[in-house]
Each structure stands twice: as C-alpha cells, then as structure tokens.
Number of protein chains: 2
Amino acid sequence: MTVEKIKLAQGAGGELMDQLIKNKILKYLVEDESAEVSLSMLDDAAVIDDIVFSTDSHTVQPIIFPGGDVGSLAVSGTINDVAVMGAKPIALSAGFIVEEGLSVETFEKIVKSMSKCAKDAGVPIITGDTKVVEKGAVQEFMINTSGIGKRTSLLDTNIEVVKRYRVFKKRWLLDSNLAKGDKIILSGNIGEHGIALLSFREGYGFETTIKSDVAPVNALMEKALSVGGVVSAKDPTRGGLANTINEFSEKSNIGVVLKEESIPIPDGVRSACDMLGIDPLEIGNEGKVVLGVVEDKADEVLAAIKQHPLGKNVAIIGEITDKIKGVVLETTVGGKRNLHKPLGDPVPRIC
Amino acid sequence: MTVEKIKLAQGAGGELMDQLIKNKILKYLVEDESAEVSLSMLDDAAVIDDIVFSTDSHTVQPIIFPGGDVGSLAVSGTINDVAVMGAKPIALSAGFIVEEGLSVETFEKIVKSMSKCAKDAGVPIITGDTKVVEKGAVQEFMINTSGIGKRTSLLDTNIEVVKRYRVFKKRWLLDSNLAKGDKIILSGNIGEHGIALLSFREGYGFETTIKSDVAPVNALMEKALSVGGVVSAKDPTRGGLANTINEFSEKSNIGVVLKEESIPIPDGVRSACDMLGIDPLEIGNEGKVVLGVVEDKADEVLAAIKQHPLGKNVAIIGEITDKIKGVVLETTVGGKRNLHKPLGDPVPRIC
C-alpha cells in the first residue's frame, strides 16, 4: 500500500490546490451559517457581522528580493485581500515563525519594512505572535498576517451606482457578482513579482532589472469605489491573471473574453517568460487588482485608477459575455485560445 | 565582527522573548492610536472598534500528541486568547503551512480535529490559506490561527458587578486591571500539556499517562463572567503560571502572593518534573485560565467554574497585595520564595 502524500503543486494556487482545499479541507470544516461570506465561497476574505476577515501565510524565498521582502509582502497581501472585498482594512495581525540563527539584522530589516508598509497604507499592526524554532524546522522566516476590515459608505455608494445600471443584490465585491456586459479592468503590469523572484534565485541564469510589484492596493481600491460601479475585485496572486479570471468565470458562471494585446506585460517580463517557457498570465502578482465594472462606468473607473501611482498602466482587458463558457483569450495574432486555470504556479514560493 | 543571531530561547515566552519583542519588534512597529488595546500593551489580544483580534502560530512537536494535535491546539489557543479579554470569540482563520510529503492521512486527521474543536466551542473557521513548501522548508505542519471576538452584555454586566466593590474604569479584562485584595483563581491542574509532549518525544526516557489539557475555555469564561466581578484573565501558556502571574504583577504594578499548596498539580506532573528538574509552574498549559476576581465575588466565581467540566479542580491560589512588589510563593513547607518570570520555557515547541 502506498501512502498518499501532500505534493508541492497542491499549494500552488491552481487546479491541484483547488482539489486539496475542496476534498481535504472544506469537506471536514463545518460550514457555518453565521458568516455572510464563508470559507466555502473561497473568496479573498470572509465576512461575519460586517467584519471582513482574511489570512495569509507568507513563505516566500528569498525572504528579501528586488522590490520587497517577506514583511512588505505579508502586509500588502493581507491588506489587498481585505480591500478587494470592498472593505476598508482597519487592522493587521503579524505571526512570526523565525528559524534559530537568523541574523538579527535581517530580522530587524524585515520588521522595519512591515512597519513602513503598514504605515504607508494606513493599516496598523495591532496584535502579534513570535515563535522561534530550531535550525531546520522552518526556512529562515515565515510570516502570517491576518486582517480585518470594515464596511464604509464608499462601498454602499459604489453599489448604489451599480444598481442604476442593473439588478444587483450583493453587499460585497464577490467573485460571483459578474454579469454580461461588465468590463474587466487590470490595474497595471503583470508578471513582475514572479520574475523578480526568479531572477534572484540561483540556477536560473538570467539577469533583469525587474522589481516585484508588491504594494498595498487599498488606496487604489478607494479611487475605484469612489467612482462607483465596481461589482467584483480580486488580486491576481498565486496562479496569476489566468487563475483570477477563471475564478471570476467559474463563480459567476459566465464567459470572459480577454484581449491579449490590451494586457500590460513589460518587455523584461515577456523576454524572461519566453526564455523560461513560462506564461506571464500564470505568474503571481502582489500589487495589482482585477476589477469587474459595469460597462457604463468602466472608462470613469479606469480614469480614476490612472490617477493613482500604482495605476498608471491600468487597462480594460476584457469583458463578460454569455455567448461562451469559460475564458477565451483573443491573441495578438488574431487567434483565439481557451485560457485555463493553471495546474500549479510556474514560480514556486512566491508568497 | 560577530553577527548577532536569533536564539531559540528568544521564542520561549519568558524574559528573553520579552526583550526580543520590545527591542526588535515594538521599537519598529508604529504605535497606532486607533486601537483601544494595542500591540504595545502585550495583552492576550488587541481591541479596535470593539473587535477583539488575536493571532498565534502553532509550531508544536510532535504534531499529534497525547490529548490533542496541532489542529486542536491552534483552535483552542486562539479562542482562549480572545475569550480571556472578556469577549465572545465569533470566528477563526486558519493558515496552513504544510511540508511536501506529509501524509494526506495525517493532514486530514488534523483538519478534522480542528473542525471538531471549533464546532464544539461554537466558533467557526471562516477563512483560510494553504501553503505547501518543499521538503525541509518547514517541519511537517504549522498552523496559524487568528481570531476575532465581540463585546457582549455578559462583559458589561460583569464589569457592573466589579464597580459595586471598587473603582474600575476598564472596558476589557486586561492584565493591568488588578488591585489590592483581588483573588487569583486558577481553573484547574497545571503542567499537563508540557509533560504530555515531553513524554512523547524521544530521548526523555519516561512514560506517563498524562494527556495535554488542550481545550477551548470560552464556555468556562462565560460561567465566570455570568457571576460577575472578574477583572483580569489570562491563559497560562508559554512560560506557564509563573509567567502569567508575573505579567499580572508587572502590568498592574502590584504584588501577588501565591499559596503553593493550593495550586493543583497532578502527581504525574510532579514526579515527571522532579525527575527532569523542571518547575511545574513554568510549564505551558493550553486549557486553563487564571482569573483576577474582586474578593467578595471570588467564592461565587469559583463555584461557577467548578460546574464546568474543565473547571472541576478550580482553586483560589493567591491574592493581590500592596505590601510587596513582584510575586511571592508561600511554599508548602512554610517558607517563602520570589517567583520570577522564567528566562525561557523548560519545554520547547509546546505550541
């Protein structure tokens, strides 16, 4: 008899991870009716008593990389998961697992980076926990951040705008809210985080000046919400844009057509991907958001996001349709291909 | 030049960890005035907008031990940190870091155990995150749980009772709330969790039938609050009872006298401690609570806790005094000794 074992690809944010979560976790965790947005909805965060609640453990390697570190990543990642629900992130927790022997200088550098990132985003770290484990029990430094967020009038007025254009009964920006005609907006360049990490790892044999895009998107989300008309939002982390759009399609049970030429991919990412045989649409990002917006408000939301420093390359990259199922990519050469959820992430340990 | 490195004992819940937190973490994390109970108060949880928020990463070894596992420990630990603030825990998050190659059977067993523990305690796990890392990057399975809790009328009426007996301006059960005359109540036996873990580890050469006390204490806390008169509560985890009582003494800036003979220590724990040269007062517990109660209500609170299955060995173990500084233990042989905060935990990786 062979013993079934957990595989690396099961933690990579794609199909295989979906199966692990559905068959080995959700099956056992008791569904609770008190949560308005619950675990089984597998959205970016849950909601209970109008409190938005999310968690992420960050196991990135290397722990300091071009453009950021595990500290800024942890803060940004959790702020983003709360913000894309349409909530205002109000507080973070920080759970440290440190390997004995980590240099105090590195530890301090990362704590300072967390602090700066949280302060810049206006979301305080209010509670924490520190574990030090013996050498070999954890690789260097892993950080869990959980976050809570509140409903604000910004979300309410955003939803009022949506209701001017179509029937809308949801109270939060869920992956399942999309409907025919909605436009898909991507806030900026994709692929930078994963490529920056790879370039810093040994054995890949390429150099690049690309930096991780890691950043909190809560202020950018506020810009979008203040226009109104946003129905869904998601940060394209593990599994990249391909995973995010497929989540939208599956949960909203509707087709999505993306125009490849409109997706902003920096040249450096494109050439690195060509060399490595990686699809940039499958690479995780840590400072981007993908929005679903009612058609009539898409241009205005785009313009508002463009005002924010993180949104200067914002683009409308596709739209929702009931003519197809799943996700279709209209390629730059005039063809069409189905865009599937990746099996796993092409770049491991990115978050 | 030698490079300063993080040491194992700095994560053990005693003096050395205090220094790490104060000098290398709090120094950099920006204090935020929006939190009513903030990070720098180093209480069991923080409070912002009347939401109680706490986090804990669980790195226990072995991951399955007599009486529990990392799953039940993670659920109980976080419920307890929220409950001892006087709040009602309403939801948990679960952040999994899994080592590639962990048997799926073990993984499922632990997820089921979490689910059962959360269900029994009436606190749903509503959001989660799963990371799988390559072999050697984490030891087996580590779990972060964060929790949120709400203020209920039970806490308000408890505080009304306190105010009948003395001036009391606090809104939560903080370590800093104790005053002269308050009694210290311990909800049951100490030392079982640490000894159960040690007995299961290789190389200690002793056997015991002792099981971990891991359990959620939220229902027991409700019993105590429903009587009223509780001013402080804390779960004596890392650093054990010695650490908890010293935290009370330091933060309330008042003396504590404990009576050794009244502290419930099972014979098996006592003999294992004698053999290993460990002080049972310094061993972490995972299903106990230490309460500060106004003198006139102590007997009633004790009686209420005794009704709960987890409270059958509840005892009044000491009282608050302004005649001394720090913590004094009146020993069974009639002597007195100062009880200090342990430097580190005598049993590593207990939580």
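Just so you know, all these numbers are worked out from the coordinates, no wet-lab data involved. This structure is a prediction, so every number in the text was calculated from the model and none was measured. So basically every Cβ, Gly included, is an ideal-geometry build from the backbone, and we count neighbours across all protein chains shown.
Once you average over the residues of B:15-21, how many Cβ atoms of partner chains fall within 10 Å of each Cβ?
2
Return a whole-number percent for the relative contact order of the stretch B:33-146, with Cα pairs under 8 Å and 6 or more residues apart as the contact set.
Across the stretch B:33-146, relative contact order equals 34 percent.
Two decimals, Cα atoms only, Kirkwood Rh: what is Rg/Rh over the stretch B:65-140?
Rg/Rh: 1.01.
Counting pairs of Cα atoms in the protein assembly as shown, how many percent are more than 46 Å apart?
In whole percent, the long-distance tail amounts to 20.
To one decimal place, what orientation-averaged projected area in nm² is obtained for the convex hull of the Cα set of the stretch B:311-351?
5.1 nm²
Stretch residue A:226-residue A:299 to full length: gain in nm at 0.36 nm per residue minus the Cα-Cα span?
Taking residue A:226 through residue A:299 to full extension adds about 24.9 nm, to one decimal.
Work out the length of the dipole vector of the protein assembly as shown about its Cα centre, built from +1 on the beta-carbon of each Lys and Arg and -1 on the beta-carbon of each Asp and Glu, and round it to the nearest 20 debye.
Value, rounded to 20: 880 debye.
How many angstrom lie between the Cα centre of the stretch B:84-98 and the Cα centre of the stretch A:42-85?
17 Å
Whole number please: convex hull volume per residue of the Cα set in the stretch B:153-338, in Å³?
Hull volume normalised by residue count: 109 Å³.
What is the distance in Å between the Cα centroid of the stretch B:252-302 and that of the stretch A:1-27?
Here the two parts' Cα centres lie 43 Å apart.
Suppose only helical runs count, i.e. DSSP H with n ≥ 4. What mean residue ellipticity at 222 nm does that imply for chain A under -39500 (n - 2.57) per run, divided by all residues and rounded to the nearest 500 deg cm²/dmol?
-9000 deg cm²/dmol
Using the Cα atoms of chain B to build a convex hull, what is its mean projected area in square nanometres?
Average projection, Cα convex hull of chain B: 18.9 nm².
For the stretch B:303-337 and the stretch A:323-351, what is the separation of their Cα centres, given in Å?
So the two Cα centres are separated by 64 Å.
What Kirkwood radius, in Å to one decimal, follows from the Cα pairs of the stretch A:104-213?
By the Kirkwood definition, the hydrodynamic radius is 19.1 Å.
How about the stretch A:185-282: which GluC sites (Glu not before Pro) there lie in a loop by DSSP and see at most 11 other Cβ atoms within 10 Å?
Answer by residue number: A:202, A:207.
Work out which helices of chain A, taken as complete DSSP H runs, extend at least 20 Å along their axis over the Cα atoms and score a mean Kyte-Doolittle of -0.5 or more, then list them.
A:104-121
With Cβ to Cβ distances under 10 Å as the rule, what net charge do the other residues near residue A:146 carry (K, R +1; D, E -1)?
Taking every Cβ under 10 Å from that of residue A:146, the sum is -3.
Determine the percent antiparallel among the DSSP beta bridges restricted to the protein assembly as shown, to the nearest 5.
Approximately 80 percent, going by the DSSP bridge assignments.
Averaged across the residues of A:340-349, what count of C-beta atoms belonging to other chains lies within 10 Å of each residue's C-beta?
Taking all residues of A:340-349 together, the mean is 1.
Check each of the GluC sites (Glu not before Pro) in the stretch A:4-85 and keep only those in coil by DSSP with at most 12 other C-beta atoms within 10 angstrom; list them in order.
Those satisfying the criteria are A:4, A:31, A:33.
If you place +1 on the Cβ of every Lys and Arg and -1 on the Cβ of every Asp and Glu, how big does the dipole about the Cα centre of chain A come out, in debye to the nearest 20?
Result for chain A is approximately 580 debye, rounded to the nearest 20.
What number, in percent, do you get for the relative contact order of chain B if the mean sequence gap of Cα pairs under 8 Å and at least 6 apart is divided by its residue count?
23 percent
How many percent of all Cα-Cα pairs in the stretch A:16-169 sit more than 19 Å apart?
61 percent
Rounded to the nearest 0.05, what FRET efficiency do residue A:180 and residue B:156 have when you use their Cβ-Cβ distance and R0 = 41 Å?
0.25
Provide, in order from the shortest bin, the percent of all Cα-Cα pairs of the stretch B:148-231 in each 5 Å bin, continuing until the bin that contains the maximum pair distance.
Pairs per bin, as whole percents: 3, 12, 18, 17, 13, 10, 9, 8, 6, 4, 1.
If you add up the charges near residue A:312, with Lys and Arg at +1 and Asp and Glu at -1, over every other residue whose beta carbon is less than 13 angstrom from its beta carbon, what do you get?
Taking every other residue near residue A:312 into account, the sum is +2.
Calculate, in nm to one decimal, what residue A:321 and residue A:22 gain on full extension: separation in residues at 0.36 nm each, minus their alpha carbon distance.
104.9 nm
Using +1 at the C-beta of Lys and Arg and -1 at the C-beta of Asp and Glu, which of B:348, B:187, A:281 has the Cα lying farthest in the positive direction of the dipole of the protein assembly as shown?
Farthest towards the positive end: B:187.
Other chains near A:115-123: what is the mean number of their Cβ atoms within 10 Å of each residue's Cβ?
Partner Cβ neighbours, averaged per residue: 2.
Express the relative contact order of the stretch A:153-338 as a whole percentage, based on alpha carbon pairs under 8 Å and six or more residues apart in sequence.
Reported as a whole number, the value is 37 percent.
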